[in-house]
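Bear in mind these aren't lab numbers, they're just calculated from the coordinates by the rules spelled out. Given the structure is predicted, the values throughout are model-derived calculations rather than measurements. All Cβ positions, glycine included, derive from the backbone under ideal geometry; neighbour counts span all protein chains shown.
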Amino acid sequence: MSLTRVEIVEKNLDDYLASATTAATRLAPTDPLRPGSTLTARKAIEIFEDQVLSRCLDVAARELKKTGKSFYTISSAGHEQNAVVGALLRTTDPAFLHYRSGGFMMSRWRQHGPSTPMFDTLLSLTASKDDPISQGRHKVWGSRDVWVPPQTSTIASHLPKAMGMAWALPRARRLRVDTHLPIDSIVACSFGDASANHATALSGINSARYARRRGNPMPLLFVCEDNRRGISVETPRRWINEFYSHLPHLRYFQARGEIDEIWDTVKLAIQTCRTTKDPVFLHLRTVRLWGHAGSDVETTYLSLDKIERIEAKDPLLRNARRLVEMGAATPDELRDILASTRERVRAASAEAAARPKLSTRAEIMAPLAPYDEARCRTTATASIERDARLEVFSKRLPEEAKSDTRRTMAAHLNAALADEMLRHPELIVFGEDVGKKGGVYGITRDLQARFSEARVFDTLLDETAVLGIAQGAAHAGLLPVPEIQYLAYIHNALDQLRGEASSLSFFSNGAYTNPMVVRVAGLAYQKGFGGHFHNDNSIGALRDIPGLILATPARGDDAARMLRGAIAMASVNGRVVCFLEPIALYHERDLYEDGDNGWLTDYPAPDGASDSALLPGDIGVYGEANTDLLIVSYANGLRLSLRAARELEREHGVKARVLDLRWLNPLPLEAVRKHAADFDRMLFVDECRATGGGVAEALVADFAERDFRGKLRSVRAADSFVPLGSSTSEVLIGEDDIVRAAREMLA
């Protein structure tokens, strides 16, 4: 029977150790492996042990997969020189890792002291709920103890948040927020040469260089593990070197050669990053053994001769030869390391495979959306010191102004942000144009002058970077409130919310979270202004993200109270909240007729009152109890529905109660059901796309599946981009559409 490529690589190492000759001179444990190097014989052997353990775990993953006991075969084989990086970084240097980081993690755990990296990895491979980092939800490298937030199958999507954390560490100290990390900590992130071409990688690297150019410290170590291949696609020779070695504001080091040469280069790169606070690009040359994953058949795109030449560069084989020839170890000693590690892994594999799995929906979803309503409400409604508020608001509190205090949504949001910055000293506000300009619509006006550039600042024009900064800042102990200028723009960076921020608690079993409130200006009805990029009603992608809270206020007072609730959920439970603000209602004053000021509201003071904040499930109710029809809507749709309700009563004698959902993810279904018990006719007014938003669909489905015996109807916008000018009325819903649908139901 022919040998597999895994067996061939193992045999190559075994054959060398069986035939190798012990060096004439033996090094003492503290001797350098070669003159001039700082790598000692003892440390070189330890690294080899860590690399062997990583390799044996990769072999075990494939053996377990054959019997259906393992579910992950993307290995670290060929990348084990990253163990040198793991040995030289500190466990207080946060690390965001590529999936081929087995060697790194074994060396990292060795520094920590008593730990069980072998068994923990096997538990992860076998999807056991005893896995200490993810409970088997995914095979991830991660640990709270050694500061490795887990990543899933990353294609550079972790670089922006690594950049964000490197940016945030000095900022947090400046704001006297305890990061629980030493002052000279650096942040590391690793990725492959193929991923280095990804737009997300370029965003993270460019943002780090941009920040350094502006004078910000950026203690960030980019580790590009270059095996010259992305699955089957070859990376051009010298591509990484040519692209990254000469970029301004990015220090470049290439680590290649023997293990002691790699050690010395990596050590210099880390030291440079730690002392200069410059971003450093460490180009680590590796090979990839056994294909991309267990299902990847390399012979479909590589010749056998090419595969064998790659296998001859196996780092374990090369390191064993170096240790023997330099006199750091004998062949017998290395054989013993290999044999004992294989046996330990083999024995532990059987035990790990037998451990229990997550078996219920509740178990699986437990860390997805943590929510302590009582604590959140207490935090959101706590009163703020009056003297501090008087100072921030220049002796004139927004709820106590001498003139008419009724205000627009924009004014309420501005005041609420100021109050929340007082309540949470760790809160920072940032995005494009939010600083001196005060935002495109003036929502952040004067906040920078009141709270300093350290807490309110502008970013570069890159939504991916903005959300990366938010995630990194959250890791550093800050409470980020980033702004995305328009709803359409968030789609440029959606995976930072979907694949990274919202998934972190799930894949770390709650050990790590990304608390943030992402303010987004959006939705339509701007009287034709701007076209679809500024009049965007596409929310389906946001509602699709598990664990993401989507808040959509319609009135100014609600906006202030909902923002307090959103920030409390981020602060207390580490939640990711998207706070979608209707642009058309920012400065709206009127409800029924021009000049009636019916859409202006008083500012709700943060005075400790129970109704001074709103949380999911708190919906708005308009209308009397004894009515003919229940209309359910949100945002612009609420205002349209209230206008339609007045026409229905005046012109047709029909009374309607109108509900404001306020929260679109999760939908407040229980609250709506409670009101629906009084009605046999329900109309859902959904201002977003008919099949792209999902709000009306979800509401209709919920009541249909509960055998609602009355009539259900919906009014929805067309499945169209929003055009420019007056033609917007042809694709968006209007109050006439609501009136028509209501009359048809009541006919």
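Can you give me the Kirkwood hydrodynamic radius for the chain, using every pair of distinct Cα atoms, in Å to one decimal? Working shown, then result.
Working: mean 1/r = 0.0354 Å⁻¹.
Taking the inverse mean of 1/r over all distinct Cα pairs, the chain comes out at 28.2 Å.
Fraction of C-alpha pairs exceeding 20 angstrom in the range 1-88: 51 percent, rounded to a whole number. The separation of the range 297-352 from the range 641-715, counted between C-alpha centres, amounts to 64 Å. Computed from label points 7 Å out along Cα-Cβ, the spacing between LEU724 and ARG344 is 6.8 nm. Annotation: amide H of ASN665 within the under-5 Å range of LEU550, sequence separation 5 or more or interchain, hydrogens built in the peptide plane. Can you tell me, using C-alpha contacts under 8 Å and at least 6 residues apart, the relative contact order of the range 101-147 as a whole percent? Here the relative contact order equals 30 percent.
So, R0 is 35 Å and r is the distance between the beta-carbons of ARG706 and ALA366; what FRET efficiency does that work out to, to 0.05?
Details: r = 26 Å, r/R0 = 0.74.
For ARG706 and ALA366, the calculated efficiency is 0.85.
Given the DSSP H assignment, sum -39500 (n - 2.57) over each helix run of at least 4 residues in the chain and divide by its residue total; what's the result at 222 nm in deg cm²/dmol, nearest 500? Intermediate results must be reported in sequence, preceding the final value.
Working: 26 runs with 299 residues, N = 747.
Per the formula, -12500 deg cm²/dmol.
If I model the range 5-353 as equal point scatterers sitting on the Cα atoms and use the Debye formula, what is log10 I(q)/I(0) at q = 0.06, 0.11, 0.12, 0.13 Å⁻¹? Cα-only, vacuum Debye calculation for the range 5-353: -0.20, -0.72, -0.86, -1.01. A Förster radius of 25 Å, combined with the Cβ-Cβ distance separating SER303 from ASP15, puts the computed FRET efficiency at roughly 0.65. What do you get for the angle between helix 331-354 and the principal long axis of the chain? Use alpha-carbon atoms, 0 to 90 degrees, nearest ten. Long axis of 331-354 versus the principal axis of the chain: about 30 degrees. Each peptide in 193-203, 607-617 receives the mean, over its residues, of other Cβ atoms within 10 Å, and ordering these scores from highest gives 193-203, 607-617. Across the range 620-746, Cα pairs under 8 Å and at least six residues apart give a relative contact order of 27 percent. Near ARG646, once Lys and Arg are set to +1 and Asp and Glu to -1 for all other residues with Cβ below 11 Å from its Cβ, the sum equals -2. Taking each residue as 0.36 nm, the span from THR378 to LYS655 lengthens on full extension beyond its C-alpha to C-alpha distance by 96.0 nm. Across the range 447-558, the mean sequence separation of Cα contacts (distance under 8 Å, 6 or more residues apart), normalised by length, yields a relative contact order of 25 percent.
Between HIS246 and ASP678, take the C-beta separation as r, use R0 = 45 Å, and let me know the FRET efficiency to the nearest 0.05. Let's see the in-between values first.
Working: r = 71 Å, r/R0 = 1.58.
Calculated value: 0.05.
Residues within the reach of a label modelled at GLU400 (point 7 angstrom out along Cα to beta-carbon, backbone nitrogen below 14 Å), restricted to the range 604-630, are 605-608.
If each residue of separation counts as 0.36 nm, what is the full-extension length gain between TRP239 and THR276 once their alpha-carbon separation is subtracted?
On the way: separation 37, 0.36 × 37 = 13.32 nm, distance 2.66 nm.
Separation in residues times 0.36 nm, less the Cα-Cα distance, equals 10.7 nm.
Each residue, ALA609 and LYS66, gets one label point 7 Å from its Cα in the Cβ direction; the gap between the two is 7.2 nm.
A cut-off under 11 angstrom between Cβ atoms defines the neighbours of GLY556, and their net charge, with Lys, Arg +1 and Asp, Glu -1, is 0.
One decimal place: the segment ILE231-ARG144 gains 28.2 nm when fully extended, by the rule 0.36 nm per residue minus the C-alpha distance.
DSSP beta bridges confined to the chain are antiparallel in about 15 percent of cases.
Centre-to-centre, using Cα atoms only, the range 558-574 and the range 419-487 are separated by 16 Å. ARG321 sits among other residues whose Cβ lies under 13 Å from its own Cβ, and their net charge, with Lys and Arg +1 and Asp and Glu -1, is -2.
Taking every DSSP bridge with both residues inside the range 387-585, close to 5 percent are antiparallel.
Taking the C-alpha atoms only, the angle from helix 5-19 to the longest principal axis of the chain is near 30 degrees.
Please go through the range 535-632 and write out the GluC sites (Glu not before Pro) that DSSP classes as loop and that have at most 11 other C-beta atoms within 10 Å. Show your work: numbers first, answer last.
On the way: sites: GLU588, GLU593, GLU624; in loops: GLU588, GLU593, GLU624.
Passing both the DSSP loop test and the Cβ count: GLU593, GLU624.
Highest-first packing order for the peptide set 169-180, 560-571, 205-216 is 560-571, 205-216, 169-180, based on the mean count of other beta carbon atoms within 10 Å. The alpha carbon gyration tensor of the range 684-747 gives principal lengths a ≥ b ≥ c with a/c of 1.5 or higher and a/b no greater than b/c, which makes the shape oblate.
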